[in-house]
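Presented below is the structure to which this report refers.
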Amino acid sequence: MEPYPSGTARLRRGHRAAAWARSLLVAAVLACAGSAAPAGPVADRVRATGVVRVCIWPSYHGVSYRNPRTLQLTGIDIDLSRQFAADLGVRLDYVDSTHETLVEDLTEHRCDVGMAGIGMLQPRMQALGFSRPYLQSGLLAVTTKSNPVVRDWDDIDQPGVAIGVQNGASILPTVQGYFRRATVVRVPASRTRERELAAGRIDVFLTNDIYARQLVESADWVRVVTPPSEVLRIPLAYPVRLGDAEWIAAVDDFVARIKGDGRLAAAAQRHGLGALVVP
């Protein structure tokens, strides 16, 4: 036996030591998040692999947007997901998701947490656990500047008005419950609400004020219709798979920390979302 380990052996031991130290760091952070909570599959996997997988919606301007030319990701939840991984001391992997596949992506373990300005809406809340809210967004209506039917909010809930909702969107029950006289049109995944609006197949679609603001800046043919008062306010939070108390405690503790130390407010201000922060 060699009195001193070879270079290869020392390298292997160094890797094992680094992995062990990383595991201890993740365990310490998770323990601080909820030491009384039982261990669960997500928390255990993050410890073992040193990787946290975050589901995002990569077309969400200001929140989790991937520039198609540079492939660079920007937005409040890109900033905060990096902070989350840094707090845990693990590597960050992004997983592209959609409104339609988010629940399945989380429940089938394709990702560990969703960080993309995700509204606490049914049926998501029946299928997923959520952190405490960090932002709150209202619903606004988007129509065209030339639409002869919808001029203000009261014009929307009228017979013959077509309201577009992306098929599979969790906002569908909310829209159907609020607008009783207008017709709610499900827009298939192969099309977009903007395309249907431009073609005249719908008169209006509902979206949150984050997306509405970004759309107005990029499309000069649209007009935003604001409700007369704050209605349909939607809290935004970070969803996780049900059944892992330790992991949801870790995510919830992260939200509490960024509220307390100013990181949430700073990230929101950087992306023009300061007014939406939930204290």
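Give me a count of the residues in segment 56-93 that are open to solvent by 20 Å² or more (accessible area, probe 1.4 Å), of a type outside the set (A, V, I, L, M) and at positive phi.
1
Could you check segment 104-133 and list, in sequence order, the residues that are aliphatic (A, V, I, L, M), surrounded by fewer than 23 Cβ atoms within 10 Å (Cβ to Cβ) and in contact (Cβ under 8 Å) with a residue 40 or more places away in the chain?
Within segment 104-133, 120, 121, 127, 128 qualify.
Looking at (1) closer than 30 Å to residue 247 by Cβ; (2) modelled with pLDDT under 95; (3) outside any helix (DSSP H, G or I), which is the one condition that is false for residue 132?
(2)
Residue by residue, here is whether (1) more than 22 Å from residue 150 (Cβ to Cβ); (2) in contact with a Phe, Trp or Tyr (Cβ under 9 Å, 6 or more places away or on another chain) holds:
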residue	(1), (2)
171	no, no
194	no, yes
241	yes, yes
244	yes, no
255	yes, yes
261	yes, no
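Quickly run through segment 162-186 and pick out the residues that are in contact with a Lys or Arg (Cβ under 8 Å, 6 or more places away or on another chain) and either closer than 22 Å to residue 117 by Cβ or part of a loop (DSSP other than H, G, I, E, B) (or both).
164, 165, 166, 167, 170, 172
Look at segment 228-251 and say how many of its residues are at pLDDT below 95, in a loop (DSSP other than H, G, I, E, B) and surrounded by 16 or more Cβ atoms within 10 Å (Cβ to Cβ).
2
Can you pull out every residue in segment 172-187 that is out of contact with any Leu (no Cβ under 8 Å at 6 or more places or on another chain) and either among the aromatic types (Phe, Trp, Tyr) or exposed (fewer than 12 other Cβ atoms within 10 Å of the Cβ) (or both)?
Of everything in segment 172-187, those that are out of contact with any Leu (no Cβ under 8 Å at 6 or more places or on another chain) and either among the aromatic types (Phe, Trp, Tyr) or exposed (fewer than 12 other Cβ atoms within 10 Å of the Cβ) (or both) turn out to be 177, 179, 180, 181.
Could you please find all residues in segment 187-213 being over 19 Å from residue 156 (Cβ atoms), in contact (Cβ under 8 Å) with a residue 60 or more places away in the chain and outside any helix (DSSP H, G or I)?
Of everything in segment 187-213, just one residue is over 19 Å from residue 156 (Cβ atoms), in contact (Cβ under 8 Å) with a residue 60 or more places away in the chain and outside any helix (DSSP H, G or I), namely 189.
On the given criteria, is residue 98 within 22 Å of residue 218 (Cα to Cα), outside any helix (DSSP H, G or I) and at pLDDT 95 or above?
Considered against the rule, which asks whether it is within 22 Å of residue 218 (Cα to Cα), outside any helix (DSSP H, G or I) and at pLDDT 95 or above, residue 98 comes out as no.
Per-residue answers, yes or no, for (1) modelled with pLDDT of 90 or more; (2) farther than 29 Å from residue 104 by Cβ; (3) open to solvent by 30 Å² or more (accessible area, probe 1.4 Å); (4) among the basic types (Lys, Arg):
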position: 164; (1), (2), (3), (4): yes, no, no, no
position: 170; (1), (2), (3), (4): no, no, no, no
position: 189; (1), (2), (3), (4): no, no, yes, no
position: 202; (1), (2), (3), (4): yes, no, no, no
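Any chance segment 63-75 includes a residue that's under 25 Å from residue 250 (Cβ atoms), within 19 Å of the chain's Cα centre (by Cα) and either modelled with pLDDT under 95 or part of a helix (DSSP H, G or I) (or both)?
Looking through segment 63-75, none of the residues is under 25 Å from residue 250 (Cβ atoms), within 19 Å of the chain's Cα centre (by Cα) and either modelled with pLDDT under 95 or part of a helix (DSSP H, G or I) (or both).
Collect the residues in segment 254-265 that are open to solvent by 40 Å² or more (accessible area, probe 1.4 Å) and either small (Gly, Ala, Ser) or touching a Cys at 6+ places or on another chain (Cβ under 7 Å) (or both), keeping them in residue-number order.
Across segment 254-265, the qualifying residues are 260, 265.
Being under 18 Å from the mean Cα position of the chain (by Cα) and either assigned to a loop (DSSP other than H, G, I, E, B) or closer than 26 Å to residue 189 by Cβ (or both) is the filter here, so list the residues in segment 136-161 that pass it.
137, 138, 139, listed by residue number.
The values are calculated or read from the model by the stated rules, or taken from the named source; none is laboratory data. From a predicted model like this one, the values you see are computed outputs, not experimental measurements. In this analysis, Cβ positions are derived from the backbone assuming ideal geometry, glycine residues included, and neighbour counts consider all displayed protein chains. Remember, those area values only see protein heavy atoms, side chains included, never the ligands or the DNA or RNA. Shrake-Rupley method; radii C 1.70, N 1.55, O 1.52, S 1.80 Å.
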